[in-house]
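Peer 1: Handing you a structure now.
Please treat every number below as a calculation from the coordinates, not as lab data. Predicted model, so just to flag it, every value in this text is computed and none were measured. Quick reminder, even Gly has a Cβ in these numbers, built from the backbone with ideal geometry, and neighbours come from all protein chains shown.
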Amino acid sequence: MKFTPISMALIGASLLSACVEVSVTRVLQPITTANRVDKNSATGAIVSGWVSVAHHVPAHTSKLTVSLYMKYEGQQFVVAKQVYQNSHLPVRYFFAVAPIQSGQGPMLLEAKLEFNGRLKGLASSDYLYRLGTSELDLILDEY
């Protein structure tokens, strides 16, 4: 079988087209603009506040856990948790909560203070999810 110049060109073109890879890329926003906190945004809730204690607790062996729970049908599900090791009290906490994390709205904020592995303080507060910023301060009761 003898190839003509036209058939050689068609074979070459088909081989080249088989080797071409098409790539579609998406333009991403720079990190500095994508991670900005918009305080006027009504797309979620910001829950923040201070956790303090009435008595002195040495910081070198303390562990403070601040947890936010969603209440649903008598159960509590952890939405967010922050742990502070060897921190001096008071401590400022901050949670950004999306509407899907709130369930039907009722939530619970809880703080536990452990010293040398034993529970030394506990505080909790009910919270009803709403858009915007909420300030909830907790004072730990001696346990």
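Peer 1: Can you order the peptides 75-87, 92-104 by their average number of other Cβ atoms within 10 Å per residue, highest first? Intermediate results must be reported in sequence, preceding the final value.
Peer 2: Details: 75-87: 13.5, 92-104: 15.5.
Descending packing order for the listed peptides: 92-104, 75-87.
Peer 1: How large is ³J(HN,Hα), in whole Hz, for each residue of the range 90-96 in order, when computed from phi with the Karplus curve 6.51 cos²θ - 1.76 cosθ + 1.60 and θ = phi - 60°, using x for Gly and Pro?
Peer 2: Here the 3J(HN,Hα) series is x, 10, 9, 10, 7, 10, 9 Hz.
Peer 1: Let me ask you something else. Near the amide H of Val79, under 5 Å away, which other amide H atoms are found, from residues 5 or more places off or on another chain, if H is placed in the peptide plane?
Peer 2: Leu68, Tyr69, Met70
Peer 1: Next question. May I ask you to derive the FRET efficiency for Ser87 and Ser125 from their Cβ-Cβ distance with R0 = 25 Å, giving the value to the nearest 0.05? Before the final figure, lay out each step's value.
Peer 2: On the way: r = 20 Å, r/R0 = 0.80.
For Ser87 and Ser125, the calculated efficiency is 0.80.
Peer 1: Can you order the peptides 49-59, 64-74 by their average number of other Cβ atoms within 10 Å per residue, highest first?
Peer 2: Values: 49-59: 15.1, 64-74: 17.1.
Ranked from most to least packed, the peptides come out as 64-74, 49-59.
Peer 1: Could you give the length gained on full extension between His56 and Ala96, defined as 0.36 nm per residue of separation minus the Cα-Cα distance, in nm?
Peer 2: Gain in length upon complete extension: 11.4 nm.
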